[in-house]
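Enquirer: For reference, the structure I am asking about is given below.
The values are calculated or read from the model by the stated rules, or taken from the named source; none is laboratory data. Computed from a prediction, not measured in an experiment: that's the story for all the values here. Methodologically, a virtual Cβ is constructed for each residue, glycine included, from the backbone with ideal geometry; neighbour enumeration extends over all protein chains shown.
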């Protein structure tokens, strides 16, 4: 009996040995396609299986116990484009492979995430997504988000306060409140922080900015009527550092000093990392006409923060980020005295604490993904807005905002007629705002619960999206249903046709511009919500085509896009008198309606590898269906054309790097003529009047020189001139009774700048 048992074991062992000998292995190494350096920490997996490996410190990997067959190897590595490589292995053999992966081409901005909540080549995206990268920030000497956004098609950044210098961005001619601003896909730009985030968000914390023109409300909420701006912060990719100093002389006399620091740390396996940033700014005031009142206020700001990630498993990723922004700004006269001792003072001292945590889980076959995000932001502001040494001008504002999102995605090989991706998500938004100043005491709590679903069909020829969102807003009695659809169709290899439709709405709530208190004729101006204010809603369509030509020596991209947006019950603001304290009261009401239509043109040309040309131009019309009065004076005729909205605007940039040691950049922003309201009060301004402004071309030139300190460190020295032809507004109001909102030209006069940057190679 013992012999039979032993014989059985021997037979089973032999069978198993033979079986194991017939299994196969895939061994190989992964290299950088440009440097041919071996890369550690690269994930290599076999598509549609659970087999995977991570390259070791020498860049090698091994996947064992594979049956014979043909497989697709897929790579995954931060900062590098994934590749798919077919491998055939025989029975009982070991197949050696070499895989070359290329860094993602950030220069040409091919990858976008905002359009459909995932990384997607912009050529096949059904919605046009424009990208602003660090390269553009550097070439145009844009030290803040607001400056960089001028170099995006269809966008225009305007300064709307002569004293405090707050800014807003318009998309396709619509005011800032019609656009949704995000940080890493989260809606943390609230009514209060949105007033300051444009200028005070430093570029050294930004990896790229993605912009969608037209409605994006299904994925991003109610306020995405004009478009969506998603600020994507820097994610750690490798061990690196950067220290940068920039000094500007505004009009050759007022200093603006900025110091920024960055560093990143990533472990050898690329499974965890952290990026840190800090930014400090000190800007002196500038007086354009020597009347003792500033056109650009003084500014002291500090920003610090981090973004981190860890991957406990191949299928899981945790992220944590935090940033803090503080700023003190002061405009008017007697800037070194307490605000109430000035003839005009507009002062804000605020701080923003914001953070988020995220979790992503992917299935083994990468066909299903669960995403959970939470973000919170606390904003505080002490302020003074007033004239004539008014002791009642002190105010205080606080805001707490929190957002939570759960999203589930499923990819299928075929749904009805094509491969598809289905997305369903839930978002909860909460905001608690309290503002007191002069006669105004605002308490506003917002609760918005949202459920959305979207399906995307996609292949190389066709991409089609349909989606719907339902919002329960506590300021509205009914659930708001928002549909969306878009389509992309490829004609040949170079042309894409696109069309899209979307709805959107805005609830009757306090918005960013309502919290500003401009001083006009020495009096503070208070904006209040009118009685029985109803929601406004919109219907938008976009359509156009793009053409791409790309080979090893030449790249060109051309886009033509038409847009039309009809807004019903549009919000308007009218002067309605004064309160008991003598403050001017502006009341937000429902108007009849408005419409915006126009054409966006965009191009990127790289005729040779060391020269890149970009440009964008917008022709548009922004009109009310019925004339709107901006002044209480009967002699001022109502206008149908939206104020401060030019019919034409655009930009261009050219960057040449003929040698690795130096670069030359020339850029410019064009702003066409517009209608600007001008309230009486200043010396020589006896009546309210609607002014037709002149056009401006704001040009910047920058020269940069690069050299290596040693094998691991490099240096950049740069200098140049912004607004080199000094294209500025010539008719600023003078004296204490000026209209602080009468400002329409470029944000800076002729400004000289120099910079120094030291960074790792």
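Enquirer: Filter the strands (runs of 3 or more DSSP E) completely within segment 566-671 down to those with at least 1 residues that are touching a residue at least 60 places away in the same chain (Cβ under 8 Å). So that I can check it myself, show each step before the final result.
Expert: Values: elements: 571-578, 584-590, 593-608, 611-628, 639-641, 648-659, 662-671.
Output list reads 571-578, 584-590, 593-608, 611-628, 648-659, 662-671.
Enquirer: While we're here: Do we have any residue at all in segment 230-240 that's farther than 25 Å from residue 376 by Cα, at pLDDT 90 or above and touching a strand residue (DSSP E or B) at 6+ places or on another chain (Cβ under 9 Å)?
Expert: So in segment 230-240, the residues farther than 25 Å from residue 376 by Cα come out as 237-240.
Applying the additional criterion that residues be at pLDDT 90 or above yields 239-240.
Those left that are additionally touching a strand residue (DSSP E or B) at 6+ places or on another chain (Cβ under 9 Å): 239-240.
Yes, there is a match, as at least one residue in segment 230-240 is farther than 25 Å from residue 376 by Cα, at pLDDT 90 or above and touching a strand residue (DSSP E or B) at 6+ places or on another chain (Cβ under 9 Å).
Enquirer: Shifting gears a bit: Suppose we filter segment 467-504 for residues that are without any contact (Cβ under 8 Å) to a residue 12 or more places away in the chain and either within 20 Å of residue 567 (Cβ to Cβ) or surrounded by 16 or more Cβ atoms within 10 Å (Cβ to Cβ) (or both); how many remain?
Expert: Residues that pass the stated criteria total 1.
Enquirer: Then there is this: Within segment 413-441, which residues are buried (at least 18 other Cβ atoms within 10 Å of the Cβ) and within 30 Å of residue 581 (Cα to Cα)?
Expert: 431, 433, 435, 437, 438, 440
Enquirer: When residue 346 is evaluated against the numbered criteria (1) modelled with pLDDT of 90 or more; (2) buried (at least 18 other Cβ atoms within 10 Å of the Cβ), which criterion, by number, is the only one it fails?
Expert: Every listed condition holds for residue 346 apart from (1).
Enquirer: Please go through segment 536-555 and give me each residue that is surrounded by fewer than 16 Cβ atoms within 10 Å (Cβ to Cβ), modelled with pLDDT under 90 and either at positive phi or assigned to a strand (DSSP E or B) (or both), ordered by number.
Expert: Those that are surrounded by fewer than 16 Cβ atoms within 10 Å (Cβ to Cβ), modelled with pLDDT under 90 and either at positive phi or assigned to a strand (DSSP E or B) (or both): 549, 550.
Enquirer: Within 23 Å of the chain's Cα centre (by Cα), buried (at least 20 other Cβ atoms within 10 Å of the Cβ) and under 20 Å from residue 513 (Cα atoms): is that true of residue 653 in this structure? Steps first, please.
Expert: Numbers: within 23 Å of the chain's Cα centre (by Cα): yes; buried (at least 20 other Cβ atoms within 10 Å of the Cβ): yes; under 20 Å from residue 513 (Cα atoms): no.
No; evaluated as a whole, the condition is false for this residue.
Enquirer: Condition test on residue 343, is it in the same structural domain as residue 441 (by TED's automatic domain parsing) and within 30 Å of the chain's Cα centre (by Cα)? Let's see the steps before the verdict.
Expert: Values: in the same structural domain as residue 441 (by TED's automatic domain parsing): yes; within 30 Å of the chain's Cα centre (by Cα): no.
The answer is no for residue 343.
Yes/no per residue for (1) touching a strand residue (DSSP E or B) at 6+ places or on another chain (Cβ under 8 Å); (2) under 28 Å from residue 755 (Cβ atoms); (3) not assigned by TED's automatic domain parsing to the domain that holds residue 45:
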site	(1), (2), (3)
285	yes, yes, yes
290	no, no, yes
294	yes, yes, yes
302	yes, yes, yes
322	yes, yes, yes
339	yes, no, yes
347	yes, no, yes
353	yes, no, yes
357	yes, no, yes
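Enquirer: Related question: Answer yes or no as to whether residue 370 is in contact with a helix residue (DSSP H, G or I) (Cβ under 9 Å, 6 or more places away or on another chain) and surrounded by fewer than 16 Cβ atoms within 10 Å (Cβ to Cβ).
Expert: Details: in contact with a helix residue (DSSP H, G or I) (Cβ under 9 Å, 6 or more places away or on another chain): no; surrounded by fewer than 16 Cβ atoms within 10 Å (Cβ to Cβ): yes.
It is false that residue 370 is in contact with a helix residue (DSSP H, G or I) (Cβ under 9 Å, 6 or more places away or on another chain) and surrounded by fewer than 16 Cβ atoms within 10 Å (Cβ to Cβ).
Enquirer: Hey, another quick one. I'd like the full set of residues that are part of a loop (DSSP other than H, G, I, E, B) and within 13 Å of the chain's Cα centre (by Cα), limited to segment 151-191. I'd like the intermediate steps shown before the answer.
Expert: Here is the first cut: in segment 151-191, the residues part of a loop (DSSP other than H, G, I, E, B) are 151-154, 160-166, 172-173, 175, 184-185, 187-191.
Scanning segment 151-191 gives 151, 152, 184, 185, 187, 188, 189.
Enquirer: Take residue 567 and tell me if it is under 30 Å from residue 344 (Cα atoms) and either modelled with pLDDT under 90 or touching a strand residue (DSSP E or B) at 6+ places or on another chain (Cβ under 7 Å) (or both).
Expert: Working: under 30 Å from residue 344 (Cα atoms): no; either modelled with pLDDT under 90 or touching a strand residue (DSSP E or B) at 6+ places or on another chain (Cβ under 7 Å) (or both): yes.
Criteria not met by residue 567.
Enquirer: Looking only at segment 481-526, how many residues end up being more than 26 Å from residue 446 (Cα to Cα) and in a strand (DSSP E or B)?
Expert: Restricting attention to segment 481-526, the residues satisfying the condition of being more than 26 Å from residue 446 (Cα to Cα) are 485-501, 519-524.
When the remaining residues are screened for being in a strand (DSSP E or B), the result is 485-491, 495-501, 519-520, 523-524.
The total comes to 18.
Enquirer: Could I ask something else about it? Six or more apart or on different chains, Cβ atoms under 8 Å: show the pairs whose first residue is in segment 74-90 and at positive phi and assigned by TED's automatic domain parsing to the domain that holds residue 26 and whose second is outside any strand (DSSP E or B) and modelled with pLDDT of 80 or more.
Expert: Filtered contacts from segment 74-90: 79/237; 79/238.
Enquirer: Further question on the same structure: Taking the condition closer than 20 Å to residue 514 by Cα, modelled with pLDDT under 90 and in the same structural domain as residue 515 (by TED's automatic domain parsing), does residue 585 pass? Give the steps one after another, and end with the answer.
Expert: Working: closer than 20 Å to residue 514 by Cα: yes; modelled with pLDDT under 90: yes; in the same structural domain as residue 515 (by TED's automatic domain parsing): yes.
It is true that residue 585 is closer than 20 Å to residue 514 by Cα, modelled with pLDDT under 90 and in the same structural domain as residue 515 (by TED's automatic domain parsing).
Enquirer: Moving on. Among the candidates 408, 394, 430, single out the residue that is over 26 Å from residue 504 (Cβ atoms), assigned by TED's automatic domain parsing to the domain that holds residue 356, in contact with a strand residue (DSSP E or B) (Cβ under 9 Å, 6 or more places away or on another chain) and modelled with pLDDT of 90 or more. Break it down stepwise before answering.
Expert: On the way: 408 fails: over 26 Å from residue 504 (Cβ atoms); 430 fails: over 26 Å from residue 504 (Cβ atoms).
Of the residues listed, the single one that is over 26 Å from residue 504 (Cβ atoms), assigned by TED's automatic domain parsing to the domain that holds residue 356, in contact with a strand residue (DSSP E or B) (Cβ under 9 Å, 6 or more places away or on another chain) and modelled with pLDDT of 90 or more is 394.
Enquirer: From the list 737, 726, pick out the single residue that is in a loop (DSSP other than H, G, I, E, B), at pLDDT 95 or above and out of contact with any helix residue (DSSP H, G or I) (no Cβ under 6 Å at 6 or more places or on another chain).
Expert: None of the others qualify; the one that does is 726.
Results for (1) at pLDDT below 95; (2) touching a helix residue (DSSP H, G or I) at 6+ places or on another chain (Cβ under 8 Å); (3) crowded, with 17+ Cβ neighbours inside 10 Å, shown as yes or no for each residue.
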| site | (1), (2), (3) |
| --- | --- |
| 599 | no, no, no |
| 604 | yes, no, yes |
| 609 | yes, no, no |
| 612 | yes, no, yes |
| 618 | no, no, yes |
| 628 | yes, no, yes |
| 631 | yes, no, yes |
| 634 | yes, no, no |
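Enquirer: So, residue 52, is that one crowded, with 16+ Cβ neighbours inside 10 Å, over 30 Å from residue 494 (Cα atoms), modelled with pLDDT of 75 or more and not assigned by TED's automatic domain parsing to the domain that holds residue 604 or not?
Expert: yes
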